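Here's the structure, in structure tokens; my notes come after.
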Amino acid sequence: MFDLVNRKKRVVQVILGLAVLPFLFWGVESYRDGSEGFVAIVEGEEISRREYEQALRDHHERMRAMLGANFDSAMLDTFEVRNSVLERLIQQRLLHREAMDNGFTVLDSQLVKTIREIPAFQRDNKFSKQQYEDLLRAQGLTPAIFESRVRQELLLQHLLDGYSENVFIPKAVVEKVRYLSEVQREISQSAISPEQFLSEMTPEDSDVDNYYEQHQADFVLPERAKIEYLVLSLEAVAKNETVSDDAVNNYFQEHKDDYIQPEERKASHILINVAADASEDEKQVARAKAEKILERVKQDADQFGEIAKEYSDDPGSAAQGGDLGYFGRGVMVKSFEDKIFSMQLNEISDLVETDFGFHVIKLTDIKPEVRSSLDDVREQIEKKLKLEIVSNNFGEIAEDFSNVVYEQGENLQTAAERFELTVQQSDWITRNSAQPAILSNEKLLSAVFSEDSISNHRNTEAIEVQPDTFVSARIVEYKPAAKQSLSVVKDLIVEKLKKQMAEKKAIDEGQATLARLQHGEDLNDVVWSEPQLVSYMQSRGLDVETMRVISRTETKDFPVYTGATDPKGGFNLIRISKIVAPDSVEKDKFENFTKQLQQMIAQEEMASYLTAIRRRHDVKIKQDNF
């Protein structure tokens, strides 16, 4: 989708989401507390466990806000997610150190200007000190803390802009890349699949025996256990709390505005791109082109989508007929947004000018503001109030839980009754189990499969597997690791060998057939698919390696034959019938392509830079805490 937020106000974009302000800026002083342990050390500076857990909670909340009803906390409770959160914290520390070492600074005037330009802090298009303070207070922030965070973000932006804004690409290189990415080849395919040879494959007994001997580790059943466990979480404890109707009613009356779904509008646009600093002559040329398009659209509004596909310079929305989807106020550039929120349904706008160029806009739908009733949000408010009640003393509850499961180590029933929890049962799990997600914590699994737990069937300690979620478990049935006999796994080995043999047969047949085609033989038994045009930009489902083989094939005379191993098994014969060179491109579209290429290179350089500074500095991760 076309990004109508001014690129130069990247910090403003970040801060616009005030609903998630507390977790946009990680690594600040307000989260540091070395007394609770640390998860990593960056050049002698600790990243506290508390800061890491806060960042993890914030990540969960952001994803919850983004996904809504589709949110599933289990998909975030993985090593990959936890590691990525920690890596972002480390990366921030390193970038801040780099910025300071290189003498970057943020002037007070720049900080003030940035904050005053944030739409969320404005009334009637002017900065409102009252609104600024009220919004920060609602998020539990003081102006001093918030301004410190914005200053830190601006500091990092100064450092990173050197990579994102100073990429140079020679015109000849851009032209070559554009040609290579857009040149099309008309191909037909003929797949030789392993399945057609499976019935012919019969492994020798000696092959089965050899495979078993060489892959014995594959046939070892790991140690397994069935366990029972208790989950103590903030939400589970909160469910047992009660809140009065008066408390719910009072909260709703005080926070009615929190339960308003603002009006959203859906629009499509056609962009005629022109740089904000372009000359007047260039702007006049772009305006003239936009006016011609506007005239055509007004003559046939039903063709708006097709016209957008043909003429719009916005690469993100043009392919969708200019569709920008739904959005509320405060998302788009002001002039663009003001026009859309003043239009009638299905109205076509006059030209709208922004820093990106000239826009022709069509308003396609309106979602009116929705105010929720108390009945609509009663359950949500009750849950919030219960969580507030419990969160104040959850630390003490968790400590009591830890003591009970330890002192009453022979069973979990005592703790279940005291904390009103349900003892849950698992199926067979191993040291590497990923399901159920609540039991996939590495520290918990290590405790479950410890010598004391296996031998004495005692409760494990209460282990925090997620923020504000503790689990204690005990083994009820255990089986040690065991090697499966050949008689048990023979059928599996036979099927695997048959598949390997069939894949090799398909590749051999494919390469032999390709050689005959390349020598000019006319093979009537090869059945070709319907011709289709493919390119790197439109690969039609072909994998990268196959596209690479096609693009490298010499094409002096047609048809030309080539082939590639299918990643799913087998061999693809490919017949190239012709080459279709890309059309010449208008100057503004060529400039857009250049900018996109610059962005890609900038991202690559940025990734290399981040990797380099990580290698240059001393970073230690405390794995047992992490």
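Quick look at the values:
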item: Entirely in the stretch 171-288, the helices (runs of 4 or more DSSP H) that have 1 or more residues that are among the basic types (Lys, Arg); result: 171-182, 234-239
item: Residue list for the stretch 430-446, filter: under 16 Å from Pro480 (Cα atoms) and in a helix (DSSP H, G or I); result: Leu445, Ser446
item: Within the stretch 420-441, considering residues that are crowded, with 18+ Cβ neighbours inside 10 Å and not aliphatic (A, V, I, L, M), the one farthest from Ser472 (Cα to Cα); result: Ser433
item: Pick from the stretch 244-274, criterion more than 27 Å from the chain's Cα centre (by Cα) and of a type in the set (Ser, Thr, Tyr), ranking: surrounded by the fewest Cβ atoms within 10 Å (Cβ to Cβ); result: Ser244
item: Pairs, first in the same structural domain as Leu230 (by TED's automatic domain parsing) in the stretch 394-419, second hydroxyl-bearing (Ser, Thr, Tyr) and in a helix (DSSP H, G or I), C-beta under 6 Å, six or more apart; result: Gln408/Thr414
item: Selection count where residues are within 30 Å of the chain's Cα centre (by Cα) and over 15 Å from Arg149 (Cβ atoms), scope the stretch 101-119; result: 2
item: Condition met for Leu542 (over 30 Å from Lys505 (Cβ atoms) and either modelled with pLDDT of 90 or more or surrounded by 14 or more Cβ atoms within 10 Å (Cβ to Cβ) (or both)); result: no
item: Residue in the stretch 453-475 that is exposed (fewer than 12 other Cβ atoms within 10 Å of the Cβ) and farther than 16 Å from Ala225 by Cβ present; result: no
item: Some residue of the stretch 356-363 being surrounded by fewer than 20 Cβ atoms within 10 Å (Cβ to Cβ) and in contact (Cβ under 8 Å) with a residue 40 or more places away in the chain; result: no
item: Strands (runs of 3 or more DSSP E) contained entirely in the stretch 509-588, each with at least 1 residues that are over 33 Å from the mean Cα position of the chain (by Cα); result: 560-565, 571-580
item: Residue, surrounded by the most Cβ atoms within 10 Å (Cβ to Cβ), within the stretch 580-595, restricted to residues that are β-branched (Val, Ile, Thr) and out of contact with any Asp or Glu (no Cβ under 8 Å at 6 or more places or on another chain); result: Thr594
item: Candidate set: the stretch 489-508, residues that are free of Cβ contacts under 8 Å to residues at least 24 places away in the same chain and over 40 Å from the mean Cα position of the chain (by Cα); chosen: the one farthest from Asp218 (Cα to Cα); result: Asp508
item: Matching residues, the stretch 572-615, being more than 19 Å from Met537 (Cβ to Cβ) and among the β-branched types (Val, Ile, Thr); result: Thr611, Ile613
item: Scan of the stretch 459-481 for residues that are more than 18 Å from Gln425 (Cβ to Cβ) and either polar (S, T, N, Q) or part of a loop (DSSP other than H, G, I, E, B) (or both), ordered by number; result: Glu461, Ala462, Gln466, Pro467, Asp468, Thr469, Pro480, Ala481
item: Of all residues making up the stretch 596-619, the number that are surrounded by fewer than 14 Cβ atoms within 10 Å (Cβ to Cβ) and among the charged types (D, E, K, R); result: 4
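The values are calculated or read from the model by the stated rules, or taken from the named source; none is laboratory data. Bear in mind that the values here come from a model prediction, so they are computed numbers and not experimental data. Every residue, glycine among them, receives a Cβ derived from its backbone with ideal geometry; neighbour counts consider all protein chains shown.
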